[in-house]
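In what follows, a single structure is set out as structure tokens and then discussed.
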Amino acid sequence: MQVFDSDGQFVLAFGSHGESNGQFNAHTVDAHNIIVADWGNCRIQGFDSGGSFLSYINTLADPLHGSQGLAYTPDGHVVVADSGNHCLKVYRYLQ
């Protein structure tokens with residue numbers, strides 16, 4: 001995963017392919033926060049500004065399928081555009 005600032009300058013890289021915390025299988029990233037919808041592993045992962053793993057949301061009960069975008073709301077929710085299921089899903093993100 002690579003992070004760039006609003007001017008397109010490289011900031012940091014983190015993570016790798018896989019199934020453990022901090023690893024990704026198929027993912028979509030929010031542009032303003034480091035929140036990753038890793039639908040290949042049925043979870044949404046959160047990272048601090050340095051790329052260190054913080055926590056995750058397990059989506060296995062209602063799996064994401066082809067997330068195309070996501071956003072973190074000011075009141076602590078993660079909204080995911082789940083194109084494979086033709087819907088928006090909203091999750092409460094707890095750190």
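Determine, yes or no, whether S83 is polar (S, T, N, Q) and touching a strand residue (DSSP E or B) at 6+ places or on another chain (Cβ under 9 Å). In short, yes.
Of the residues contained in segment 3-15, one or more are found to be surrounded by 15 or more Cβ atoms within 10 Å (Cβ to Cβ), of a type in the set (A, V, I, L, M) and more than 12 Å from the chain's Cα centre (by Cα). Specify which of the listed residues (S67, S52) is exposed (fewer than 13 other Cβ atoms within 10 Å of the Cβ), touching a residue at least 24 places away in the same chain (Cβ under 8 Å) and in contact with a Gly (Cβ under 9 Å, 6 or more places away or on another chain). So the residue among S67, S52 that is exposed (fewer than 13 other Cβ atoms within 10 Å of the Cβ), touching a residue at least 24 places away in the same chain (Cβ under 8 Å) and in contact with a Gly (Cβ under 9 Å, 6 or more places away or on another chain) is S52. Residue by residue through segment 80-95, note down the ones that are surrounded by 13 or more Cβ atoms within 10 Å (Cβ to Cβ) and within 23 Å of F14 (Cβ to Cβ). Scanning segment 80-95 gives V80, Y91, Y93.
Since every read-out is calculated from the coordinates, none of them should be taken as a lab result. Since the model is a prediction, treat every value here as computed from it, not as a measurement. A quick note on method: Cβ atoms are made from the backbone with ideal geometry, for glycine too, and the neighbour counts reach across all protein chains shown.
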